[in-house]
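Q: I have a structure here, written as structure tokens, and I will follow up with some questions on it.
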Amino acid sequence: MTSTVLAAEGARSLTFTRRFSHPPARLMRAHLDPEAVRRWIGSEAHPMTGCQIDGRAGGSFRYDWTGENGFSASGTFEEITARRIVHVERFDPDWTGGEARVITDFDSDGAGGTVLRMQVIYSSPEARESVGASGMAEGMEGAFNRLEALL
């Protein structure tokens, strides 16, 4: 199993990098298909109960999770190409310190798999530090493990 590498970049960014054994197009579809997203982004503690995706540049999305502390995320897609998704997102309640811009690249690893690189640019250095200390890295690792198993 491949693990996710988390790196701080600049004053406001966190970057998650992970290798998947499936090709970029398959991984990309799993990021834009509501049924697939529901299966890999939620967790036992916070199951995803709502997922709406208009997967095109200018389209929007909304995710809802339940659990002890239910929350949601919504945003807009700025760019969708064969190898990249760029979107802005905001959580409710706003635990990430405002809107964040997310750039997700799906690059071939040359062996039939994909190197996913997700850069999240937060509104401030303080927001990045808060998110980095929140356990989000463990949450992303679990989500990426479910995504690999789903594909």
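The values are calculated or read from the model by the stated rules, or taken from the named source; none is laboratory data. All figures in this text were calculated on a predicted structure; none of them were measured in a lab. All Cβ positions, glycine included, derive from the backbone under ideal geometry; neighbour counts span all protein chains shown. Each accessible area value is taken on the protein alone, full model and side chains, heavy atoms only, with ligands, DNA and RNA left out. Shrake-Rupley method; radii C 1.70, N 1.55, O 1.52, S 1.80 Å.
Q: Please determine whether any residue of the stretch 18-41 is under 24 Å from TYR122 (Cβ atoms), under 15 Å from the mean Cα position of the chain (by Cα) and part of a strand (DSSP E or B).
A: yes
Q: While we're looking at this one, here's another question. Could you grab the pairs with beta carbons closer than 7 Å, sequence gap of 6+ or different chains, first residue in the stretch 89-112 and over 18 Å from PRO125 (Cα atoms) and without any contact (Cβ under 8 Å) to a residue 60 or more places away in the chain, second one of a type in the set (Phe, Trp, Tyr) and not in a loop (DSSP other than H, G, I, E, B)?
A: ASP92/PHE71; PRO93/PHE71
Q: Something else now. Among the numbered criteria (1) among the β-branched types (Val, Ile, Thr); (2) within 15 Å of THR104 (Cα to Cα); (3) at pLDDT below 95, which one does THR17 miss?
A: So THR17 meets the others, but not (3).
Q: GLY59 - would you say it is touching a residue at least 12 places away in the same chain (Cβ under 8 Å), open to solvent by less than 20 Å² (accessible area, probe 1.4 Å) and on the phi < 0 side of the Ramachandran plot?
A: In short, yes.
Q: Additional query: Among the residues of the stretch 121-135, count how many are under 18 Å from SER3 (Cα atoms) and touching a residue at least 60 places away in the same chain (Cβ under 8 Å).
A: Number satisfying all stated conditions: 1.
Q: Okay, moving on. For the stretch 23-54, give me each residue that is surrounded by fewer than 17 Cβ atoms within 10 Å (Cβ to Cβ) and either among the hydroxyl-bearing types (Ser, Thr, Tyr) or touching a helix residue (DSSP H, G or I) at 6+ places or on another chain (Cβ under 8 Å) (or both).
A: Within the stretch 23-54, ARG29, ARG39, SER43, THR49, GLN52 qualify.
Q: Now a separate question. Of all residues in the stretch 103-135, which are under 22 Å from ASP64 (Cβ atoms) and surrounded by fewer than 18 Cβ atoms within 10 Å (Cβ to Cβ)?
A: Scanning the stretch 103-135 gives SER134, GLY135.
Q: Next question, about the same structure. Which strands (runs of 3 or more DSSP E) sit wholly inside the stretch 49-151 and have at least 1 residues that are in contact with an Asp or Glu (Cβ under 6 Å, 6 or more places away or on another chain), closer than 20 Å to THR17 by Cβ and at pLDDT 95 or above?
A: In the stretch 49-151, 84-92, 100-108, 114-121 are the strands (runs of 3 or more DSSP E) which contain 1 or more residues that are in contact with an Asp or Glu (Cβ under 6 Å, 6 or more places away or on another chain), closer than 20 Å to THR17 by Cβ and at pLDDT 95 or above.
Q: Scan (1) more than 13 Å from the chain's Cα centre (by Cα); (2) open to solvent by 60 Å² or more (accessible area, probe 1.4 Å) for the single condition ARG84 breaks and write down its number.
A: (1)
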